[in-house]
Structures are given as structure tokens and as C-alpha cells.
1. For the residue pair residue 337 and residue 77, what label-to-label distance in nm results when each label sits 7 Å from Cα along the Cα-to-beta-carbon direction?
2. Which distance in Å, rounded to a whole number, links the C-alpha centroids of segment 1-66 and segment 177-222?
3. Would you mind putting 65-77, 140-152 in packing order, based on average other-beta-carbon counts within 10 Å, highest first?
4. Counting only helical runs of four or more DSSP H residues, what would the 222 nm mean residue ellipticity of the chain come to if each run contributes -39,500 (n - 2.57) and the total is spread over all its residues?
5. Once both axes come from the Cα atoms, what is the angle between helix 9-20 and the longest principal axis of the chain, in degrees from 0 to 90, rounded to 10?
6. If you take every DSSP beta bridge whose two residues both sit in the chain, what share of them, in percent to the nearest 5, is antiparallel?
7. Compute the angle between helix 311-326 and the longest alpha-carbon principal axis of the chain, please, reported from 0 to 90 degrees and rounded to the nearest 10.
8. Angle between the Cα long axis of helix 164-181 and the longest principal axis of the chain, 0 to 90 degrees, nearest 10?
Ligand code: ADP
Ligand code: MG
């Protein structure tokens, strides 16, 4: 047996990056969530080769002060929480302080950022976790991340990337959910220079549904707004007439975060049962607003699966909210949209 030793920081970061960064969409998720946490009202996302060779995210948020730029790339560095108590009432999408160090460990990353009160911005280049340069630069307020050559230094992981088309699909899927969870943010997504998604940021969820799913869906929605047991549900249900062949059109957000929840899915589907044919699934975009004590978002780094403290009560509340909304009589008719 070789002697026991402690790994060097770059190796630690490369291994840890595997937890957070699986594919280009993981990078886009972390960077766009950071942009939203920074108070941006507009976020532009550009990718090439499915994001494998090139990702650029431009936001108009608060920016990072020059003397904090290097720290932002250290592991466990965050401006969002201070103690474990903060986890129970977390308002931001991020809080682990792992994304930037992870991204920098497995890519060539360039950051240009400027705060509103600074005269000049900062350009920072970091490759494979090693700092290359830090300098002043002219820049608009906000932050731009340029991420090149994912896994250029981890061939074993590069092998597991799928085709650019598949990877771009994952990015598109993710951005669709981010747009639906943040109607107040204007998103623009370009894949190889082609615009794939654009939202206005006017705060209207229905308009985002139109942008994402088109007008046939947008014309056949019923608004839901229901509050009980400390759970407030808002959003839109598809009329039973526009049911789908699979679950991909069930979109659930808890406190602004896209989640997958078998329990919520079951509850919504059970509520639709009297209204749709077997093996059909509803269209739904539901936002759940509940206090942080009722839900644990600290389950997994990608934060998609979450735990509720009172499962049965959540199931019942969702069922009742959806079932009652569907009982409204004007839902029977499909609204046809003329071409
Ligand atoms: P976390 O989001 O969990 O705090 P990250 O590694 O994603 O950790 O980011 C580290 C810190 O860098 C953030 O807490 C934030 O202060 C800063 N930061 C990252 N991206 C941006 C951005 N787009 N605009 C402003 N600040 C940012
Ligand atoms: Mg983050």
C-alpha cells in the first residue's frame, strides 16, 4: 500500500466538479441561476456545439467587485448564506458556493464583470483551476461568463458527453424551465447563432408559456390560484382537451425552483383522472409557494428532488386545488386558434 497523503487542491476540485458538472447544461444552470440571484432582469445565453466548446452567459445583474473575484472561484465561497440556520429560509437559487470552482476546474473560463459603482470592470481568466490573469477592463454593468472546452483536461469525462444536438437539447430543456420559473427575467437563448427561445421579462407567466409552448397551448389554459395549509399554488393548468402522451408537460416549481416530484405528479394526475382518458397526461405549470420549513432543498447538489415535511398534506392540497379548478364548467370547450 502507498502512504496515505492529502490530495492537492486542483485534484480535489476536479473530483468535486464531477458532483456538479455533468454536461454543458449543468454549467448553464449554475451560471444562469447565479445571474438570477444577482438580480438580473435580462440574461442572454449562447452556446456552440451543444455547449461543449463554447458557452457565453451575459447578465445585467449586480456584478462582482474586483477584490472579490478570486474568492468567488474558491470552493465553498458564497455571498448567499453564512450559517446552517440560513438554510431554513433560503431565498437564493445557489448557496453551496461550489459552482464557479467546479466550472473553472474542468474548463477554460473567462469572466468579465463590473459593479455599478466601479469605474472599470474586471477581466479574469482561469483554466483548469489555475489563474491565468486578472486585469482592469472597460465593461457594461453586470457579468459575462465565457466557458470554453468542457472537460478539456478530463478526457475520461469528455467521453461521456453526448452529441452536440443532444447536449443542446438538454440546455434548451433547462432554459425552458428557468424561463417558466422566472417570468420577470427576459431570457434569450441562441444555439449556433440561431435564436431558440426568447421571453420578454414582463412578469406574465402566461406569456412565457406562449413563448415556450406556442399559442395552441396558451389559448387553452385555466388559471389556478389556491391557498390552503400554508401552501399557495398559482399557475396554469391545461384544459383536459389538450392532454399529452407523456409527463414532460408537467412543470412544477417550488419557491421558484424547478423540481421533479413523483408525489406532486401523482396528485395532479389523480385530480385529472375524472376528466381525461387513460394513459393521457395533463399540461401544467404550477408554482408552489411555501415556507422554507416545510421543504428541504438541501437534499442533492443539483437540487431537483426535494423532500416535503408533510407529504400527505401536500398531496391532498394539490389534489383539491387541481380538482376544484377543473370542475369549472367553461373548461369543456377547446379554444381553436385561427391560423
Ligand atoms: P453560490 O451561487 O452557491 O453562492 P457560486 O460558486 O455559484 O456559489 O458563486 C460564488 C459567488 O460568486 C456567489 O455567491 C456570488 O457572490 C458571486 N457570483 C457568481 N456569479 C455571479 C453573477 N453572475 N453576478 C454577480 N455575482 C456572481
Ligand atoms: Mg451559484
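1. 4.6
2. For segment 1-66 versus segment 177-222, the Cα centre distance is 24 Å.
3. Values: 65-77: 15.3, 140-152: 20.0.
Put in order of decreasing packing, that is 140-152, 65-77.
4. -8500 deg cm²/dmol
5. 10
6. Percentage antiparallel, nearest 5: 85.
7. That works out to roughly 50 degrees.
8. 60
Bear in mind that the values in this text are calculations on the coordinates, not laboratory data. None of the values given here were measured: they were computed from a predicted structure. Cβ atoms come from the backbone with ideal geometry, glycine included; neighbour counts cover every protein chain shown.
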